[in-house]
1. Give, in nm to one decimal, the length gained when the segment between Q41 and S122 is fully stretched (0.36 nm per residue of separation minus the Cα-Cα distance).
2. Need one number for the chain: average projected area of the convex hull over its C-alpha atoms, nm².
3. Mind listing the Cα extents of region 1-54 along all three principal axes, in Å, largest one first?
4. So what is the relative contact order for the chain, in percent, with contacts set as C-alpha pairs under 8 Å and at least six apart?
5. In the chain, carbon and sulfur make up what percent of the accessible area (probe 1.4 Å)?
6. Label-point separation (nm) for D111 and A23, each offset 7 Å from Cα along Cα-to-Cβ?
Amino acid sequence: QVQLVESGGGLVQAGGSLRLSCAVSGRTFTLSTAGWFRQVQGEEREFVAAISRDGANTHYADSVKGRFTISRDNAKNMVYLQMNSLKPEDTAVYYCGVQFSGIYYYARSYDVWGQGTQVTVSS
């Protein structure tokens, strides 16, 4: 059974940086695409970034391209999201997810989610 635990969220001023981590348990991690999504209360979960099984391919939402970097370490079963030049509109709960098939930017195609970590960017 795959389980995910996110960490690294917090309060940061605009222009600052945070690094989110996602620890994944389970032997099937290397078979999955991993993604980061974010959600503001009352809104749909929004795609942020995704990375392929071997880490060779990455995808980003236009709103974070050039500022955020997704990476993974399959030896450690970890997924990361480095967030630079943060803006107040990046404020949300950030979720890590894994999928074994489906469309990488479609939240409903993800099979397992973590509990989320709050990121708050002050102006």
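1. Stretched out fully, the Q41 to S122 stretch lengthens by 27.4 nm.
2. Orientation-averaged projected area of the Cα hull: 6.8 nm².
3. Principal-axis extents of region 1-54 (Cα, largest first): 37, 23, 20 Å.
4. Worked out over the chain, it gives 35 percent.
5. 46 percent
6. Placing both labels 7 Å along Cα→Cβ, they lie 2.2 nm apart.
The values are calculated or read from the model by the stated rules, or taken from the named source; none is laboratory data. Note that this is a predicted model, so its numbers are computed, not measured. Note: ideal-geometry Cβ built from the backbone for every residue, glycine included; neighbour counts use all protein chains shown. Note: areas computed on protein heavy atoms with side chains; ligands, DNA, RNA excluded. Shrake-Rupley method; radii C 1.70, N 1.55, O 1.52, S 1.80 Å.
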